[in-house]
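Bear in mind that the values in this text are calculations on the coordinates, not laboratory data. As the structure is a prediction and not an experimental result, all values here were calculated from the model. Glycine gets a Cβ as well: all are built from the backbone with ideal geometry, and neighbour counts include every protein chain shown.
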Amino acid sequence: MSFKFSLESLVLGEVDFLKRYDFTIPKELDQKAIKKLNGDEKGLLKIYEMLQKLPEPKTPCFSLSDYKSIVKDFPKQSLLSLSLPKELEVKDKIFAGWLGRAAGCILGKPLECGLTLPEIKKYFGKEFPIKDYISFSIAHHIALEKNPAIHPHVTKPCSREHIAYAMEDDDLNYTVLNLLLLEQKGHNFSIADVGNIWASYLPVGCTYGAETTALINFLCGLPIDRVPIYLNHFRDEIGAQIRADTFGYVCPGQPQLAAKYAFRDAAFSHTADGIYGEMFVAAAFSAKSIEDIIKYGLGQVPKNSRLAELVNKTLVWYSSLGNWEAVYDKIKVSTSQYKDGHTINNAAYVVNALLASNGDYESGITIAVMQGHDTDCNGATVGSILGVYLGAKHLPEKWIRPLNDCLKTSLKGLSKTSISELAERVFRVSTLAIN
């Protein structure tokens, strides 16, 4: 991919970001004023600097990004005391999380082109609802119409006739990257340590959005507190949410600790809801019921945040409607302000899939993907959570066997590895193994 952004697009994006968080944008700093500059860099940077100095709006929605403030806004029931699972159970669940994440990611990857549920129904026809990896003919058709650049690089290795491994994907790169972080920096890693690990292993050309901007900012030597902010209007999007899993894996029965680790990771590249999304997912891995998965997740995010508000609405909608498609419609209508790759809407689609799955792996990943939007991210997250919830022995062979215990990554020195080996390494750095 190209990681080049025009300065004009970054400043325009900043205006959109600030509007989402209820900032009032004066006319001299709005989109029209920006476009009138015709790409003049000095003028654009001047506007950008002025945008950064706008007064904070008065809003009931929580949007702070420092850990102490975030914790203060947790729900009262967030302090949990859970018994630690046994060693063999933890090993099995970590392996299942890896397998579940990889399979869900590969299922959704050919559809990661901004599709909606009605579009997916149209493309799949008689093969809807999805019950297996996507056929090459359907993946090929969608790619040619929606995103020809991914064909055949993505469509072939992710289609059911050709799958032989879990192909490289950012949703899988970061799960491995955070394993390397814990192996090399330990559980007391800092936000700067996250940047150093990225700089050592992650090619900039294999990053997207907030991750691209943060890594470039870090490599350019910006202060660590400026890295996630400077010219980074992607900083509340889904990139951090897909990085949570390793922290959940290594903190069995400890959602607070998992969320604390997730905060440090997310704070390198994200702010506000971008951070909360990773904390929400990291905390979910300690649960022993579908209801508790969401409860534990909500227990580790600010109760007054936009993310918590929409997740709670999704719970109410599902309770009253009992149908994932009807809930999808509610989510879709209420999140028109968010792009396909935003944290908040996709977190709601994940919750909808988890509720509708009733603990069934296949139902979970297929519903996650059939809702469209960020399909590989949501398929991977739901697959990972349900994998840990169910354990490896209860994952359907139909979804796991085609991967051949093989994962490819874009990381330096780790182009190909076995999923079982990664799971074993994660266990070795888990709090259970350390203790």
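The figures follow:
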{"read-out": "Computed FRET value (nearest 0.05) for Ser289 with Lys86, which takes r as the C-beta separation and R₀ as 25 Å", "value": "0.85"}
{"read-out": "Separation of alpha-carbon centers, region 345-367 and region 193-211, rounded to whole Å", "value": "29 Å"}
{"read-out": "Ranked packing of 11-18, 125-132, 186-193, 211-218, most packed first, by mean Cβ within 10 Å", "value": "211-218, 11-18, 186-193, 125-132"}
{"read-out": "Three-way shape call for region 338-435 based on the alpha-carbon gyration tensor, with the a/c threshold at 1.5", "value": "prolate"}
{"read-out": "Distance violations [Cα-Cα > 25 Å] among Lys42/Lys412; Lys35/Lys332; Lys260/Lys295; Lys27/Lys332; Lys295/Lys332", "value": "Lys42/Lys412; Lys35/Lys332; Lys27/Lys332"}
{"read-out": "Amide H contacts under 5 Å for Phe62, placed H, 5+ residues apart", "value": "Asn304, Ser305, Arg306"}
{"read-out": "Order by protection proxy (mean Cβ within 10 Å, highest first), peptides 107-113, 286-292", "value": "107-113, 286-292"}
{"read-out": "Chymotrypsin sites (Phe, Trp or Tyr not before Pro) restricted to region 25-77 and DSSP loop, no more than 12 other C-beta within 10 Å", "value": "none"}
{"read-out": "Karplus-derived HN-Hα couplings along region 14-24 (A = 6.51, B = -1.76, C = 1.60, θ = phi - 60°), whole Hz, x at Gly and Pro", "value": "5, 4, 4, 4, 5, 5, 4, 9, 6, 6, 8"}
{"read-out": "Length released on extending from Ser200 to Ala33, taking residue separation times 0.36 nm less the Cα-Cα span", "value": "56.1 nm"}
{"read-out": "Highest-MSF residue in the chain out of Asn404, Asn38, Asn178 [GNM, Cα springs under 10 Å]", "value": "Asn38"}
{"read-out": "Region 104-176 and region 22-51: distance between their alpha carbon centers, rounded to Å", "value": "39 Å"}
{"read-out": "Magnitude of the charge dipole, region 154-282, Cβ model with Lys/Arg +1 and Asp/Glu -1, debye to 20", "value": "200 debye"}
{"read-out": "Fully extended contour minus Cα-Cα distance, from Phe128 to Glu145, at 0.36 nm per residue", "value": "4.2 nm"}
{"read-out": "Sorted peptide list for 230-239, 264-273, 49-58, 426-435, criterion being average Cβ within 10 angstrom, highest first", "value": "264-273, 230-239, 426-435, 49-58"}
{"read-out": "Choice from Lys91, Lys121, Lys260 showing the highest fluctuation, given a GNM over the chain with Cα pairs closer than 10 Å", "value": "Lys121"}
